[in-house]
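Some notes on the structure that comes next.
The values are calculated or read from the model by the stated rules, or taken from the named source; none is laboratory data. Just so you know, these numbers come straight off a predicted model, no measurement behind them. For neighbour counting, all protein chains shown are included, and Cβ atoms are generated from backbone atoms with ideal geometry for every residue, glycine included.
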Amino acid sequence: MLSLENISVSYGAINALKGVSMRVEQGEVVTLIGANGAGKTTTLRTITGLLSPSEGRILFEGQEISGRPTHQLVARGISMSPEGRGVFANLTVRENLLMGAYLKKNKAEINEDLERGFRMFPRLKERETQKAGTLSGGEQQMLAMARALMSRPRLLLLDEPSLGLAPLVVHTIFEAIDEIRGEGTTILLVEQNAHAALGHSDRAYVLETGRIVMEGPSKELAADPRIKEAYLGE
Amino acid sequence: MPRYARNLAIALLLLAVLYALDYLVFDPGRRMISPYVARIIMLAGINITLAVSLNLINGFTGQFSIGHAGFMAVGAYSSAYFSVNYGKGIAEGMGDGALGWAVALLLATLLGALVAAAAGFLVGVPSLRLKGDYLAIVTLGFGQIIVVFLNNIESVGAARGYSGIPIVKSFFWIFLVAVLTIVSVHNMVRSAFGRALISIREDELAAEAMGVNTTRYKVAAFVISSALAGAGGVLLAHFDGYLNPKSFEFIKSFEILIMIILGGLGSIVGAVIGAIVLTVLPEALRGFAEYRMVIYSVMLIVLMITRPQGLLGGLDPFKGWRARNRAKTRTEAEEITAEDTRDKESVDKATLGERARDTSLGEGDTRS
């Protein structure tokens, strides 16, 4: 569905990504883990067109999307929940969700998707008319994910959904990821929380200083002694 | 009653009210109010157009433009040139009556708005493709360049000023433009288009991720804002029948900016109040003319300390009272369970949210 072929990206003289190749197949949850500064966010920003690769290309459903402006990707079926959540603080929860359906015209579908979002995160229903800026961090993350789903994406990109959240909230978020996957949406999950990410994904890539150093089924990686030592703290 | 019929009725009623006011109160022959008071009220009307239009780009879209006077000047001079050279011909062609002049003025207004919109497009396209504060820098430069140009174009009087413009001191016309500006900006920010603009202000990257073509929307908002500023300029040009490049220097842009900051960025009612206050205040302070700038500054400092969001920033008096009743029934939703370990913070945020709604927080066009 999505494939990165030998992608290199540099900020001036600094090479942030050095020949990264990875792919995400239909229906999979693939996670990209790595430490701070490994290039996770750069990878995601390149996929979403915020950065242009100096080398390599990105294919989505067989078509090259490298360097395409972000707003065009939504129409193609890619949706992103940005790092730091990026909710619209002065819009209400409901208005935030409606923004997620910005390109949708069918009112019935939009209402259906609103209800689905509220079912997935009942907390959002309680706060429907409240401004997003008044939500707690966990609620904002739920909102960002529900909003990203409003465009009915075939591929959902999640950038650090567990960042800065309390363990119980992280649990809720990952349960939601399982649920989204159960509905057939393909997910690329970028995470620092390797433990949770490996537990809720099919395959994983490990990024270190701009290179993919390991890849494989998440279960195998979770059992790998090197991963255990470096990322799981065991 | 169907919606369009209702809207039509409201529009007709509004026209009737404006016309009646014009006829009964502002007709100089009736001596209802002194020409001085009439002048202040009409100037306030022009300033309302300018402030509300600037609020569209600064307050709602979050792009900082500080060259509004430049677009106003473009509208003022282009329409003045049109009126001086063709206005009489058009009016006479239609019998030189009130109707003829109304048509001439309408054409002048449309032309002024259109030329200002074109200028806005030229300035907006290169600077709004970039994220950040480039618009402020470019509009600042544009405002300066326009003044330099006008000071040197002989056909519009250069530095001597442009005189002989047909004078139209019409309450009806000025407030018609002001009301149209308010209504169109209000409807815009309540629409899907407006929600996209507000989302750009809130988080440009996230807006882009929703599928909003941010550059296009920013340029559209900027062009509309410029066009309305141009219309404001047209009114000013025909108000005294005289234009001088000096009236469009940076200080004028700054004045309009103060109006919307005073009233509250992102609040239409605030912009209207800001415009009225900053039109009336200088007159009220006429006795202390030398201290005017000092008083302005002190006022702004006090405002920034006590209400940094502006008088009405974060509020919408017309929407709040409706939302309040709904808010009361939702109090239970504010209870924070132990799920979030950062309890203290959450509770603070939640009570803040509750309080904010109780002071009638609006939904769309506010910023806190």
Options B:Gly266, B:Gly313: the member that is closer than 26 Å to B:Leu140 by Cβ, within 12 Å of another protein chain (Cβ to nearest Cβ), modelled with pLDDT under 75 and touching a Lys or Arg at 6+ places or on another chain (Cβ under 8 Å): B:Gly313
Lone unmet requirement of (1) buried (at least 19 other Cβ atoms within 10 Å of the Cβ); (2) over 28 Å from A:Thr31 (Cα atoms) for A:Leu114: (2)
Among the residues of segment B:220-237, is there at least one that is closer than 18 Å to A:Asn90 by Cβ and either away from every other protein chain (no Cβ under 14 Å) or in contact with a helix residue (DSSP H, G or I) (Cβ under 6 Å, 6 or more places away or on another chain) (or both)? yes
Identify, by number, the condition in (1) surrounded by fewer than 18 Cβ atoms within 10 Å (Cβ to Cβ); (2) closer than 22 Å to A:Gly138 by Cβ; (3) at pLDDT 85 or above that A:Ala75 doesn't meet. (2)
Test for B:Ser65: is it assigned to a loop (DSSP other than H, G, I, E, B) and at negative phi: yes
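So that you can scan it fast, the table gives a plain yes or no per residue for (1) closer than 23 Å to B:Ile145 by Cβ; (2) touching a Cys at 6+ places or on another chain (Cβ under 9 Å); (3) surrounded by fewer than 15 Cβ atoms within 10 Å (Cβ to Cβ):
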position: B:Tyr242; (1), (2), (3): yes, no, no
position: B:Phe250; (1), (2), (3): yes, no, no
position: B:Ile260; (1), (2), (3): no, no, no
position: B:Ile276; (1), (2), (3): no, no, no
position: B:Arg286; (1), (2), (3): no, no, yes
position: B:Tyr296; (1), (2), (3): no, no, no
position: B:Leu300; (1), (2), (3): no, no, yes
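Residue-by-condition table, conditions (1) among the charged types (D, E, K, R); (2) within 26 Å of the chain's Cα centre (by Cα); (3) farther than 30 Å from B:Thr215 by Cα:
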| position | (1), (2), (3) |
| --- | --- |
| B:Leu12 | no, yes, yes |
| B:Leu21 | no, yes, yes |
| B:Ser34 | no, no, yes |
| B:Ile46 | no, yes, no |
| B:Gly59 | no, yes, no |
| B:Gly70 | no, yes, no |
| B:Ala76 | no, yes, no |
| B:Gly87 | no, no, yes |
| B:Ala91 | no, no, yes |
Segment B:142-200, subset within 29 Å of B:Val25 (Cβ to Cβ), assigned to a helix (DSSP H, G or I) and of a type in the set (Val, Ile, Thr), residue farthest from the chain's Cα centre (by Cα): B:Ile174
Looking at segment A:117-167 only, could you name the residues that are charged (D, E, K, R), crowded, with 24+ Cβ neighbours inside 10 Å and either within 17 Å of A:Asp178 (Cβ to Cβ) or more than 13 Å from the chain's Cα centre (by Cα) (or both)? A:Arg127, A:Lys131, A:Glu139
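Name the single residue, out of those in segment A:78-111 being part of a helix (DSSP H, G or I) and among the aliphatic types (A, V, I, L, M), that is surrounded by the fewest Cβ atoms within 10 Å (Cβ to Cβ). I'd like the intermediate steps shown before the answer.
Kept after step one, since they are part of a helix (DSSP H, G or I), are these residues of segment A:78-111: A:93-100, A:107-111.
Next, only the ones that are among the aliphatic types (A, V, I, L, M) stay: A:93, A:97-99, A:108, A:110.
Values: A:Val93: 30, A:Leu97: 23, A:Leu98: 20, A:Met99: 26, A:Ala108: 7, A:Ile110: 17.
Taking the candidates together, the pick is A:Ala108.
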If a residue has to be touching a residue at least 60 places away in the same chain (Cβ under 8 Å), on the phi < 0 side of the Ramachandran plot and more than 8 Å from every other protein chain (Cβ to nearest Cβ) to count, how many in segment A:82-117 make the cut? 1
Can you give me the number of residues within segment B:48-75 that are surrounded by fewer than 24 Cβ atoms within 10 Å (Cβ to Cβ) and within 22 Å of B:Leu243 (Cβ to Cβ)? 1
Given the conditions (1) within 17 Å of A:Ala204 (Cα to Cα); (2) touching a Leu at 6+ places or on another chain (Cβ under 6 Å); (3) not charged (D, E, K, R), every one holds for A:Ile58 apart from (1)
Regarding B:Val37, is this residue in contact with a helix residue (DSSP H, G or I) (Cβ under 6 Å, 6 or more places away or on another chain) and either part of a helix (DSSP H, G or I) or hydroxyl-bearing (Ser, Thr, Tyr) (or both)? no
Residue check, A:Gly164 modelled with pLDDT under 90 and more than 22 Å from A:Arg45 (Cα to Cα): no
Would you check if A:Ser66 is surrounded by fewer than 23 Cβ atoms within 10 Å (Cβ to Cβ) and hydroxyl-bearing (Ser, Thr, Tyr)? yes
Those residues that are in contact with a helix residue (DSSP H, G or I) (Cβ under 7 Å, 6 or more places away or on another chain) and over 29 Å from A:Leu165 (Cβ atoms), I need them from segment A:61-93; list them, please. A:Ile65
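Hey, among the residues in segment A:122-145 that are assigned to a helix (DSSP H, G or I) and among the basic types (Lys, Arg), which one's nearest to A:Val170 (Cα to Cα)?
It comes out as A:Arg123.
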Of all the helices (runs of 4 or more DSSP H) wholly in segment B:204-319, which have at least 2 residues that are in contact (Cβ under 8 Å) with a residue 24 or more places away in the chain and not β-branched (Val, Ile, Thr)? B:214-240, B:250-263, B:268-284, B:292-306
